[in-house]
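The values are calculated or read from the model by the stated rules, or taken from the named source; none is laboratory data. Keep in mind it's a predicted model, so treat the numbers as computed, not measured. Here Cβ is always computed from backbone atoms with ideal geometry, including for glycine, and neighbour counts include all displayed protein chains. With ligands, DNA and RNA removed, areas are computed over all heavy atoms of the protein, side chains included. Shrake-Rupley method; radii C 1.70, N 1.55, O 1.52, S 1.80 Å.
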Amino acid sequence: SLLADLPRSDHRYRLEHVGLITHEQLETAAEMGVTPSFLVDLIYYYVRSLCEDLIGPERGRRLAPLSSANILGHKFSIHEDSPLFPLTHEPFRSMSTAVTRKMKPEDGGEVLGNEYRISTEDALKACTINAAWQIFCERSLGTLEVGKLADMVVLSHNPLKVPCEGLESIKVEATFMNGHEFR
């Protein structure tokens with residue numbers, strides 16, 4: 001294996017777009033020190049047709065099993081994949097999907113795989129702290145601390161105080177990169 005041939009104590013290999021991974025595969029990944037990055041908005045945008053045409057309802061239900069990764073102690077992230085999804089002015093779209101696991105309203109708005117939901121706090125970590133760690137940038141990104149880049153957004157509402165169904169309505173009011181407002 002690559003790890004045997006090129007041993008490294010902190011390799012941070014990651015799996016991208018993790019969708020149909022099983023709990024057992026997540027366990028193996030954890031043992032190997034491989035972390036997942038989930039494309040959760042497959043649930044929101046495409047799971048109805050995926051279930052009906054490709055993967056079936058049971059596999060569709062466990063698509064992007066975030067809570068399983070969380071239970072196993074993975075430092076997982078959530079990501080987008082433009083242009084796979086419509087360009088949206090909803091920066092919390094993926095976080096909302098991770099927390100609610102709801103399909104888009106046009107597909108019924110059903111919750112799929114409720115047991116794989118995560119908390120808003122864990123979704124925030126997946127988009128900030130964990131994502132920075134996965135790319136070896138935790139010393140400069142992911143949290144607001146002295147000595148780190150001041151990359152941040154000012155939000156219309158505190159995501160930790162908004163009901164999970166309201167996450168996608170949060171607006172970005174200002175964006176700062178390296179401490180300067182970006183326009």
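Bridgeable lysines around K171 (alpha carbons under 18 Å apart, same-chain partners fewer than 8 residues away excluded): K161.
The residues of segment 33-147 present an accessible area of 48 Å² per residue when probed at 1.4 Å with all protein chains retained. Could you work out Rg/(2.2 N^0.38 Å) for the chain, with Rg from alpha carbons only? Ratio of Rg to 2.2 N^0.38 Å for the chain: 1.07. Taking the dipole about the Cα centre of the chain, with the C-beta of Lys and Arg at +1 and of Asp and Glu at -1, give me whichever of Y13, L42, F176 is farthest to the positive side. It is F176, whose Cα lies furthest towards the positive end.
Could you rank the peptides 93-102, 59-68 by their average count of other C-beta atoms within 10 Å per residue, with the highest value first?
Ranking, from highest mean packing down: 93-102, 59-68.
Since only F92, S156, V146 are under comparison, the one whose Cα sits farthest along the positive direction of the charge dipole of the chain, derived from C-beta charges on Lys, Arg, Asp and Glu, is V146.
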